[in-house]
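Each remark here refers to the structure printed beneath this line.
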Amino acid sequence: MNELDRLAADLVAIPSHEDEREAGEAIAEWLAEETAASVQIDDSGNVIARTGDGDRSLALVGHHDVVPPDDSQVVDETDGGETEYAVERRDGRLYGRGSADMKGAVAAMLLAFRDAEPAIELVFASFAGEEQGGVGARAAIDEGFAPDYAVVGEGSTGYSAPGVTDVAVAHKGRRASTIRASGASAHASSPEEGENAIYRATDAVDELRAIAPPTVEVAGEELSGSLVATEIDGGTAWNVVPDACEVTVDERTVPGERAPIERVETVSGVDVEIEQDLPPMRCDDDAFAEAALDAAAEAHDAVPGDAEGEPALVTKPHATDAGWLAQAGTTCVVCGPAEPGEAHTADESVSLDVLERCYELYRGVAELWPAE
């Protein structure tokens, strides 16, 4: 078992779906023992460390919170009487809640942060509350966290070809909305005496379905948004014309133009409220993206694993903390070991070879950038 394997397993074992403090403290303690960097844990539970100097900065960014584990991923009681997450190594993979999303990447970033010889200020950041909509990232940004560049360690492996760790230069965002239709109740035997809120809501859904979500082209791929009505709730009894109805909408946004969801408000008695808006991301510096791609290619040469191709610039369908950072002015790419479909599953796992490759990738970016 090598150092990266041990560190990743140690982090995965720490419960962090309800309270991230223990995981954050373990990361901060490791940084204090293994590096000469300045280390802090802020009021939100984010761990931020800095080393090197210069008028520009590059951040390696992860998160140490996880979604709730499956029962099979919990060890009820260890020898010390404390609850831990189950950790298993099998067939060259590390299994456990958070192994893919994303304590494995955090471990690789920690070692790269320690070992790299950067030309500019190098920052390590592990955020809390990513799974709750980027709570930690937003708090850090509000407190002045503003690196010039960032590599966010969410999954980018297996997008262009199986086993390949790609460089994601854009991802979708997510906007969650509620359409509220109001009307006037009446007895169902005299429907003309009321205003049926369900009818108004369905008229609003018709407007929603007529909206064409925007599409952008990034790295030779089309990144398309979407609008989907996902829930409907209205009415109080079979014989009462309903005076209220709500429809929830899941929208996937793309960098640039947004879908005009406010068009549903042209229906009488209807309004829409944005409940959540996780921003999309697009890398705004081709040279930085190419430097990350060069680092990925070198990392594949060092640790080829079972990759069935060469790394490429790709896009991701999922929102990450890179969206918040990009919105605040940081130039981002996303590179990480997780593969599509691994995160949040009962048998979540990550390839140990790909973890090693990501260590090489993160260290390489830190040493290759800036190119001049």
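The values are calculated or read from the model by the stated rules, or taken from the named source; none is laboratory data. Since the model is a prediction, treat every value here as computed from it, not as a measurement. Cβ: placed from backbone, ideal geometry, glycine included. Neighbour counts: every protein chain shown. The protein model used for the area step is the full one, side chains on, heavy atoms only, and it has no ligands, DNA or RNA in it. Shrake-Rupley method; radii C 1.70, N 1.55, O 1.52, S 1.80 Å.
Side notes on the structure shown:
- Test: residue in the stretch 200-212 that is out of contact with any helix residue (DSSP H, G or I) (no Cβ under 6 Å at 6 or more places or on another chain), under 30 Å from Val167 (Cα atoms) and open to solvent by 30 Å² or more (accessible area, probe 1.4 Å): yes
- Consider the stretch 19-43 and keep the residues that are acidic (Asp, Glu) and more than 18 Å from the chain's Cα centre (by Cα). The one that is most open to solvent (accessible area, probe 1.4 Å) is Asp43.
- Matching entry among Arg258, Arg174, Arg200, Arg263 (being touching a strand residue (DSSP E or B) at 6+ places or on another chain (Cβ under 8 Å) and either in a helix (DSSP H, G or I) or of a type in the set (Gly, Ala, Ser) (or both)): Arg200
- Where a residue in the stretch 339-358 is in contact (Cβ under 8 Å) with a residue 60 or more places away in the chain and among the aromatic types (Phe, Trp, Tyr) and its partner, wherever it lies, is open to solvent by 20 Å² or more (accessible area, probe 1.4 Å) and outside any loop (DSSP other than H, G, I, E, B), with Cβ under 7 Å and at least six apart: none
- Single residue of the stretch 239-263 satisfying the filter (over 20 Å from the mean Cα position of the chain (by Cα) and small (Gly, Ala, Ser)) that is most open to solvent (accessible area, probe 1.4 Å): Ala244
- Taken as a whole, the stretch 153-161 holds at least one residue that is surrounded by fewer than 16 Cβ atoms within 10 Å (Cβ to Cβ) and touching a Gly at 6+ places or on another chain (Cβ under 6 Å).
- Considered as a group, the residues in the stretch 177-197 that are assigned to a loop (DSSP other than H, G, I, E, B) and open to solvent by 60 Å² or more (accessible area, probe 1.4 Å) include one that is nearest to Ile261 (Cα to Cα), and that residue is Ser185.
- Val228 vs. criteria among the hydrophobic types (A, V, I, L, M, F, W, C), in contact with a strand residue (DSSP E or B) (Cβ under 8 Å, 6 or more places away or on another chain), open to solvent by 40 Å² or more (accessible area, probe 1.4 Å) and in a strand (DSSP E or B): yes
- Matching option when the condition is farther than 14 Å from Leu110 by Cα and out of contact with any helix residue (DSSP H, G or I) (no Cβ under 8 Å at 6 or more places or on another chain), among Glu22, Glu33: Glu22
- Hey, Arg56 in contact with an Asp or Glu (Cβ under 6 Å, 6 or more places away or on another chain) and either under 24 Å from Cys358 (Cα atoms) or among the small types (Gly, Ala, Ser) (or both) or not: yes
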